[in-house]
There are 2 protein chains.
Amino acid sequence: MSFVKTGGSVVSPVGGIQARQASVDKIKLTGHIGGMARASMKQQIIDAGLAELHARGYAACSVEDITKAAGVPKGSFYNHFASKEEFAVDVVRRYFEVSGWPTSFETTSAIGRLRAGFEALYAGAQERSFSRGCMWGNLANEVADHSNAIRGQLAEGLDAWSAIVTELVAQAQRNGEISSAGDPAQLGRFIVNAWEGALTRSRVVRNGQPMDDFFRMVFDLLLAGDATG
Amino acid sequence: MSFVKTGGSVVSPVGGIQARQASVDKIKLTGHIGGMARASMKQQIIDAGLAELHARGYAACSVEDITKAAGVPKGSFYNHFASKEEFAVDVVRRYFEVSGWPTSFETTSAIGRLRAGFEALYAGAQERSFSRGCMWGNLANEVADHSNAIRGQLAEGLDAWSAIVTELVAQAQRNGEISSAGDPAQLGRFIVNAWEGALTRSRVVRNGQPMDDFFRMVFDLLLAGDATG
DNA sequence: AATGACAAGATGACCAGTCATATTGAGGGT
DNA sequence: ACCCTCAATATGACTGGTCATCTTGTCATT
């Protein structure tokens, strides 16, 4: 699994997905598709479903909601997915695929890039009035006990995401940008988890205070070791 | 809202609830209740429902599941609660009421008590093979966007819980037990959020690593300011 | 004609909430 | 003390809606 580098926001990955990309290897060419090949329907469903799943949650998001959002007939759903669960596994995979870390920032410092990435996530959450929470946290809490397939996919994606944060932390340490000498892998995991917790809290309080707390605690105190308070 | 001091675990509050307590002011006395007054049916439903909600989540836990767990007839549910939503509000209130911070520990240091409290939570999660996650996080993620009533109750309870952590952090600072001079209120909120994030991750990975990360990052690095890594 | 893809609507399970009926004790009359 | 009436409460079967999944008819291609 690799992270696709995009300039977009992780919280709002769909924006970049609307871009048409022909996946010829995925197209089921049949006689009733005339003219130029179009985007794969399966991919269309996944991408539209990603937004819907994130907005509504698993149980509250019906197959009809998904297909309607994708602009495809409801009956086609099961031509592409054996079940709603299998669909969600594909969505999770897709979520982590399209999630990326912003690279087009002015700063070249590792810590600056780490911070900018979370700030982009923050901006995305703010756009949605803090109503979405964190995709992985949402699914984990709602489905992890009921679907090993989804849980497995979440675990995979989280490991990869944590690895990105870990690498940035390690770089920041090597570059002397932060004073924390904590284990980078542990920091990476903790930071991703704490971010989920902040997003979840923000759903309750409907403001950005939890993220402000996160930035202050993680970047100023934990990583920079600012003990002045 | 006040926290009831118990020696129990927050993750498993139900254990203490099975104790019979007559709530005479809650009893709907009708002619067909003979003999000695018994525990309120409403309270019974709330307490049993708390465990069920935590185990299954909101949507996956039906009213029938709840009443069955409470050992009461399904039709009685609506004598006590106008709706499933209202029931959940009462459950959340109850959850925070019965949640407490362990007081019966050997250490008298504030930081020791804070740590012991989270360790008790950890033990509870471990008992359940990390399958339950965090009650407030679960509900927030599943329901916060759909029910303002539940969300409001969650906000209230979280504020109170954060206040407890805040107070312990402040005491630890005053006592010179920790080197962090961070804002106690901010630390209190962040720590509660980070804990939720850790529990959520533990649901995915099905082990205690996220909590270990939490303890290391929060107690050793963030609060104690141990920069040696 | 045979085959495979597509998809609208049928199917059966689930479930929040309703309600007709049952139950019961209080109060009053004898 | 006993009986009857009535009102309040209890409750299990039912209702109507939702929804994941499947069926089956249509269509296009070979």
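See the values below:
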read-out: Label zone at B:Ala149, where the point sits 7 Å out along the Cα-to-Cβ direction: the stretch B:76-96 residues whose backbone N lies under 11 Å; value: B:81-91
read-out: Global form of the stretch B:73-173, assessed from the alpha-carbon gyration tensor, a/c cut-off 1.5; value: prolate
read-out: Local electrostatic count, B:Asn138, Cβ distance below 11 Å [Lys/Arg +1, Asp/Glu -1]; value: -1
read-out: Virtual paramagnetic centre 7 Å along Cα→Cβ of A:Gln209, amide N under 15 Å, in the stretch B:130-162; value: B:152-162
read-out: Portion, in percent, of the accessible area of the stretch A:145-228 that falls on carbon or sulfur, probe 1.4 Å; value: 46 percent
read-out: Additional length obtainable on full extension of the chain from A:Glu119 to A:Ala181, 0.36 nm per residue less Cα span; value: 20.0 nm
read-out: With DNA, RNA and ligands ignored, accessible area of A:Phe77 (1.4 Å probe; Å², nearest 10); value: 0 Å²
read-out: Virtual spin-label span in nm between A:Ala160 and B:Asn79, 7 Å along Cα→Cβ; value: 5.5 nm
read-out: A:Arg201, A:Arg174, A:Arg94, ranked by accessible area, largest first (probe 1.4 Å); value: A:Arg174, A:Arg94, A:Arg201
read-out: Those aspartates and glutamates that a straight Cα-Cα span of less than 16 Å connects to B:Lys68, excepting residues fewer than 8 apart in one chain; value: B:Asp47, B:Glu52
read-out: Karplus 3J(HN,Hα) series, Hz, for the stretch B:185-193 with 6.51 cos²θ - 1.76 cosθ + 1.60 (x for Gly, Pro); value: 5, 5, 4, x, 5, 4, 5, 5, 5
read-out: Under 13 Å from A:Lys74, Cα to Cα: aspartates and glutamates that are on another chain or at least 8 residues apart; value: A:Glu64, A:Asp65
read-out: For the stretch B:110-223: rounded, prolate or oblate by the Cα gyration tensor [a/c cutoff 1.5]; value: oblate
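The values are calculated or read from the model by the stated rules, or taken from the named source; none is laboratory data. Given the structure is predicted, the values throughout are model-derived calculations rather than measurements. Every residue, glycine as well, gets a Cβ built from its backbone with ideal geometry; the counts of neighbours run over all protein chains shown. Keep in mind that these areas ignore ligands, DNA and RNA; they rest on the heavy atoms of the full protein, side chains included. Shrake-Rupley method; radii C 1.70, N 1.55, O 1.52, S 1.80 Å.
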